[in-house]
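The values are calculated or read from the model by the stated rules, or taken from the named source; none is laboratory data. Keep in mind that this is a model prediction, so the values were computed, not measured. A quick note on method: Cβ atoms are made from the backbone with ideal geometry, for glycine too, and the neighbour counts reach across all protein chains shown.
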Amino acid sequence: MQHLLTAGAQRALKQAERIAQSSAAPELDACHLLAALAFEESRAAELLLAHQIELAMILEQFPIQLPEEPANSDSDSTNEPLELSQALYHFPALREILNQALEQVSRSDVPTEIGSEHLLWGLLTTAGSHSEWLRSQGTLTTAAFEQNLILQQRQSAEPINVDFAFRVVPTTASDQTNTFRTIDAAANRLREGLRVIEDYLRFTLDDAHLMQLLKNTRHQLAEALRFIGQDSLIASRDTLHDVGTSISTTSEFERQSMEHLLQANLKRVQEATRTLEEFGKLISVEAAALFKQMRYALYTLEKSILSCLHNQRRLEDCRLYLLVSESLCHHGSGPAVREALAAGVGIVQIREKEMTDRQLLEHGRHVREWTRAAGAILIMNDRPDLAVAIDADGVHVGQDELPVREVRQIIGPQRMIGVSTHNIEQARQAVLDGADYIGVGPTFPTTTKSFAEHEYAGLNFIKQVAAEITLPWFAIGGINADNLCQAVQAGAQRVAVSSTICSAPEPGQITSELLSQFPG
Ligand SMILES: Cc1ncc(COP(=O)(O)OP(=O)(O)O)c(N)n1
Ligand SMILES: Cc1ncsc1CCOP(=O)(O)O
Ligand SMILES: [Mg+2]
């Protein structure tokens, strides 16, 4: 069977060769490929960034010198398919890495070409200083990597491709100066806008995860500007004669709220990256590619920040989340749900594993009536289709169930999506995927759902999430009136329980007891 390499993987291999040459290395080795993967716009680069590994860190660690000249797009043409056997022949020093990449591809249940992400997998799983270093950095582990790989494959994101074919290099001195001048102004706008957003994330939202993502964008800007040339930018700057500095609209000085200010700056940075990308194409394709990556990252960041604010408002009064299962309730789920609602539960999930669809539909419609009457939120577990059928407010999905983007297609833009998470990487990913809230656990041992011993995320996971995520989240798993205070002390502002309320002889009374333990 033939195994082909994607255009991205081919580009990375060729770039690795160029890096080995410019570094005056006796031969191509793994660290050159690592730098090439981070350098090239590729799925591997996205994965590295997702795990907080940047090109600058690689350059600091390994004796690498990047080529001064950008890659020549003609000689690096990647239109010809490249077979693995050819790659093994041309790059014998990378044989083990290519073989590992092939092994990872063979695990996929759909026919897949060997992409840059598989080369990165090869780097991570072959022995050497490159893999030792990779594992010691950021959050990259083989498990986390595989998880992300699956997510990337599921999302099958189109590779971001800058339109190199239309590259027109400015020829006159005046065109060159004006191009650098435009880039300089846009870079300053971007830097300033990023700073405003960062300060908002730091002092108002207090979200360390989103702040880190924004910081990554700032580093990327510095990296991209290296391809442009700082000296040319400064030399071309002419603020005194910039007609834009004297034109201002009153709207520039009006900010009705903190959120308005935030949104204006989110738009500002996106516009600036677009200008950088377009004018950057005239100077450096590498820089243009990085600007494009940044623009996409900023769209995702905007969505994550705004969704965080929106969902904080939606779940403001929800401290206690009840997962109701008929089999756990002594007197039937009806009395349990109604009593818990009367005592102040703000959100109810229908979690039934045994009911037929017809039963679920009928039961769901009843719970919908009770929750609506109480002004509470109703979530359907596992089943986006039934969430729509009973007009629930949302659906909750686990790590092995439909991903957020598929669920969104089924339930529409208004309903909420909750995602279960069992470690910090999953929690960060759920925020970026567009979850409206996350379940965080299991916190304590539980008999309601089986977990292997090692799967107990415990209070440490609660602490990690509390330290960096402000999208609403619920600590879950084995929480009762005796241990709830430990979850709260670890940083949980919201908790989800099932058996503690369902199996209680007086569900209303235990609900009040749990609620009374939240501060304020
Ligand atoms: C709020 C909340 N958090 C976590 C879960 C668990 O979901 P999942 O992992 O899909 O397991 P099941 O509940 O479906 O068995 C949840 N349901 N709710
Ligand atoms: C569904 C689920 N997901 C993580 S822990 C858990 C069980 C929650 O039930 P209980 O509150 O009875 O432990
Ligand atoms: Mg589930």
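Every residue, every condition in (1) of a type in the set (Ser, Thr, Tyr); (2) over 16 Å from Gly344 (Cβ atoms); (3) not assigned by TED's automatic domain parsing to the domain that holds Val431, yes or no:
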| site | (1), (2), (3) |
| --- | --- |
| Ile462 | no, yes, no |
| Ala466 | no, yes, no |
| Ala475 | no, yes, no |
| Asn480 | no, yes, no |
| Ile501 | no, no, no |
| Ala504 | no, no, no |
| Thr511 | yes, no, no |
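It is to be established whether one or more residues within segment 240-263 are under 30 Å from Ala173 (Cβ atoms) and at pLDDT 95 or above.
No: segment 240-263 contains no residue that is under 30 Å from Ala173 (Cβ atoms) and at pLDDT 95 or above.
Considering only segment 435-450, I want to know if a residue exists there that is among the aromatic types (Phe, Trp, Tyr), within 16 Å of ligand 1 (Cβ to nearest atom) and in contact with a helix residue (DSSP H, G or I) (Cβ under 9 Å, 6 or more places away or on another chain).
Scanning segment 435-450, I find at least one residue that is among the aromatic types (Phe, Trp, Tyr), within 16 Å of ligand 1 (Cβ to nearest atom) and in contact with a helix residue (DSSP H, G or I) (Cβ under 9 Å, 6 or more places away or on another chain), so the answer is yes.
Can you confirm whether Ser85 is over 26 Å from Asn423 (Cβ atoms), part of a helix (DSSP H, G or I) and either at pLDDT below 85 or out of contact with any strand residue (DSSP E or B) (no Cβ under 9 Å at 6 or more places or on another chain) (or both)?
Here the answer is yes, as Ser85 does meet what is asked.
When Pro445 is evaluated against the numbered criteria (1) out of contact with any strand residue (DSSP E or B) (no Cβ under 8 Å at 6 or more places or on another chain); (2) more than 12 Å from ligand 2 (Cβ to nearest atom), which criterion, by number, is the only one it fails?
Condition (2) is where Pro445 drops out.
If Arg338 satisfies all but one of (1) under 17 Å from Val395 (Cβ atoms); (2) charged (D, E, K, R); (3) out of contact with any Ser or Thr (no Cβ under 9 Å at 6 or more places or on another chain), what's the number of the condition it fails?
Failing condition for Arg338: (1).
Go through segment 392-409 and report how many residues are away from ligand 1 (no atom under 13 Å from the Cβ) and either surrounded by fewer than 16 Cβ atoms within 10 Å (Cβ to Cβ) or in contact (Cβ under 8 Å) with a residue 40 or more places away in the chain (or both).
4
Mind checking which residues of segment 321-344 are away from ligand 2 (no atom under 13 Å from the Cβ) and among the β-branched types (Val, Ile, Thr)?
Across segment 321-344, the qualifying residue is only Val337.
Within segment 312-327, can you find the residues that are surrounded by fewer than 19 Cβ atoms within 10 Å (Cβ to Cβ) and out of contact with any Lys or Arg (no Cβ under 9 Å at 6 or more places or on another chain)?
Hits for segment 312-327 are Gln312, Arg313, Arg314, Glu316, Asp317, Glu326.
Among the residues of segment 469-477, is there at least one that is modelled with pLDDT of 95 or more and away from ligand 1 (no atom under 14 Å from the Cβ)?
yes
In segment 468-488, which residue that is part of a helix (DSSP H, G or I) and over 22 Å from Ser450 (Cβ atoms) is nearest to ligand 2 (Cβ to nearest atom)?
Ranking the candidates gives Leu484 first.
When residues of segment 428-467 are filtered for being part of a helix (DSSP H, G or I), touching a residue at least 60 places away in the same chain (Cβ under 8 Å) and either within 24 Å of Lys353 (Cα to Cα) or more than 16 Å from ligand 3 (Cβ to nearest atom) (or both), how many remain?
Matching residues across segment 428-467 total 5.
For Ala496, only one of the following conditions fails: (1) within 16 Å of ligand 3 (Cβ to nearest atom); (2) buried (at least 24 other Cβ atoms within 10 Å of the Cβ); (3) in a loop (DSSP other than H, G, I, E, B). What is its number?
For Ala496, the exception is condition (3).
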